[in-house]
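Chemist: The structure is given below, and queries will be raised subsequently.
What follows is calculated from the coordinates using simple rules that are stated; it is not laboratory data. These figures come from a predicted structure and were not determined experimentally. Ideal geometry is used to build each Cβ from the backbone, glycine not excepted, and the neighbour counts take in all protein chains shown.
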Amino acid sequence: MMRSVAAALAIFTLAGGLAGSVTQRARPADGTGPSMIGILVQYKSTTRTLTLATAGGQQTVVLSRTAQVRQGSRLITANELSKHVGSKAKVRYTVSHGSLTAESVMLSVSAS
């Protein structure tokens, strides 16, 4: 009886491990996740893609439909991103099948 329980537990654990390697959580439970900081180079509203110049080179990220875009504490629309080319930005994103999807964008507030 004990062996069958141990075998079932091992199969369950293996199946869960395989499923976990195929799918990725949209957002970690603690609200953290991968992010990048750089300068906004461009935003294309037709494809909802933004390009950041980072220390590692240029990175292109697709903006999710539910992404929040902020400039400081102010919520702005995605279409306003093109007005902020040259601004410093922090992008939190998820990775799926090698593609980066932005879940939030935080733009720096320009010094007056």
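Chemist: Return the pair list, or none, for Cβ contacts closer than 9 Å from residues in the range 77-104 that are farther than 11 Å from Leu52 by Cβ to residues that are buried (at least 18 other Cβ atoms within 10 Å of the Cβ) and among the acidic types (Asp, Glu), at least 6 apart or on different chains.
Modeler: Note: pairs meeting the criteria are Arg92/Glu103; Thr94/Glu103.
Chemist: Okay, moving on. For the range 40-51, give me the residue count where each residue is over 17 Å from Arg70 (Cβ atoms) and assigned to a strand (DSSP E or B).
Modeler: The total comes to 5.
Chemist: When you go through Glu103, Glu80 one by one, which is the residue that is among the charged types (D, E, K, R) and within 17 Å of the chain's Cα centre (by Cα)?
Modeler: On the way: Glu80 fails: within 17 Å of the chain's Cα centre (by Cα).
The unique qualifying residue is Glu103.
Chemist: Restricting attention to the range 76-86, report how many residues are of a type outside the set (A, V, I, L, M, F, W, C), outside any helix (DSSP H, G or I) and surrounded by 15 or more Cβ atoms within 10 Å (Cβ to Cβ). Lay out the reasoning, then the answer.
Modeler: First, the residues of the range 76-86 that are of a type outside the set (A, V, I, L, M, F, W, C): 77, 79-80, 82-84, 86.
Still in the list and also outside any helix (DSSP H, G or I): 77, 86.
Keeping just the survivors that are surrounded by 15 or more Cβ atoms within 10 Å (Cβ to Cβ) gives none.
Final tally of qualifying residues: 0.
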